[in-house]
Amino acid sequence: MTTETPLPVTTGRLVLRAHRAEDLEPLLAYYADPEVARYLLEEPWTPEVAEAQLAKRLARTRIDEPGSALALVVEHDGQVVGDVALWTTGDTVSRGEIGWVFHPDHTGQGFATEAVRAVLDLAFGFYRMHRVVAQLDSRNAPSARLCERVGMRREGHLRQDWWSKGEWTDTLVYGVLKDDRATLAPR
């Protein structure tokens, strides 16, 4: 199987591309925001953390073996508005997990929905994955709604299963199968 991801991915309004060194400041602009980091597993980024995180993401350009990942910046009109990642889970490349973070100035415009649909298209069409999940803090209602908008089904609610930022938190698990693609919301 060819593993070079066909980048950039374009949608009606967005460009999804690999990370570049000049993405440091735009990423830091939203990952440093405590409200953005509230439901993430990590604390708000400092400049040092941003450099380390960007270095990791620069290498995440394709799914080609267990443990591999694809990390994409989402641009609208040449401006970074968020990022989406897809990574393998388990000991195969047929199962994946997806995650996203968007700058709060660019939420409510459908960008996350458009970007996540595009990455799911890659997961099932290009990478031929069988299943993709999203796991999120149960208090993150906007991300739960996004999962549902892109056709993911809520498969579980794990009670107080994750210790995060000084408290036990609940996790929602959403999933979609390749065979579910016919039932996804129209674009």
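The values are calculated or read from the model by the stated rules, or taken from the named source; none is laboratory data. The shown structure was predicted, so the numbers you read here are calculated from the model rather than taken from an experiment. Every residue, glycine among them, receives a Cβ derived from its backbone with ideal geometry; neighbour counts consider all protein chains shown. Keep in mind that these areas ignore ligands, DNA and RNA; they rest on the heavy atoms of the full protein, side chains included. Shrake-Rupley method; radii C 1.70, N 1.55, O 1.52, S 1.80 Å.
Listing for the model above:
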quantity	calculated
Matching entry among R159, R153, R149 (being touching a helix residue (DSSP H, G or I) at 6+ places or on another chain (Cβ under 8 Å), farther than 23 Å from G82 by Cβ and either among the small types (G, A, S) or open to solvent by 20 Å² or more (accessible area, probe 1.4 Å) (or both))	R153
Qualifying residues in the stretch 124-143 (those that are modelled with pLDDT of 95 or more, of a type in the set (G, A, S) and more than 12 Å from the chain's Cα centre (by Cα)) - the one surrounded by the most Cβ atoms within 10 Å (Cβ to Cβ)	S138
Long-range neighbours under 6 Å by Cβ, at least six apart or interchain, first residue among the aromatic types (F, W, Y) within the stretch 161-177, second surrounded by fewer than 15 Cβ atoms within 10 Å (Cβ to Cβ) and modelled with pLDDT of 95 or more	W168/Q160; Y174/R154
Residues (in a loop (DSSP other than H, G, I, E, B) and open to solvent by 70 Å² or more (accessible area, probe 1.4 Å)) located in the stretch 93-107	T107
Residue among L86, L120, L41 that is at pLDDT below 95 and either within 14 Å of the chain's Cα centre (by Cα) or among the aromatic types (F, W, Y) (or both)	L41
Residue pairs meeting the criteria (Cβ under 7 Å; at least 6 apart or on separate chains; first under 19 Å from H103 (Cβ atoms), in the stretch 39-55; second modelled with pLDDT of 95 or more and surrounded by fewer than 12 Cβ atoms within 10 Å (Cβ to Cβ))	P44/P34
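The rows are residues; the columns are (1) touching a residue at least 40 places away in the same chain (Cβ under 8 Å); (2) touching a Leu at 6+ places or on another chain (Cβ under 6 Å).
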{"residue": "D64", "(1), (2)": "yes, no"}
{"residue": "V74", "(1), (2)": "yes, yes"}
{"residue": "V80", "(1), (2)": "yes, no"}
{"residue": "T92", "(1), (2)": "no, no"}
{"residue": "W100", "(1), (2)": "yes, no"}
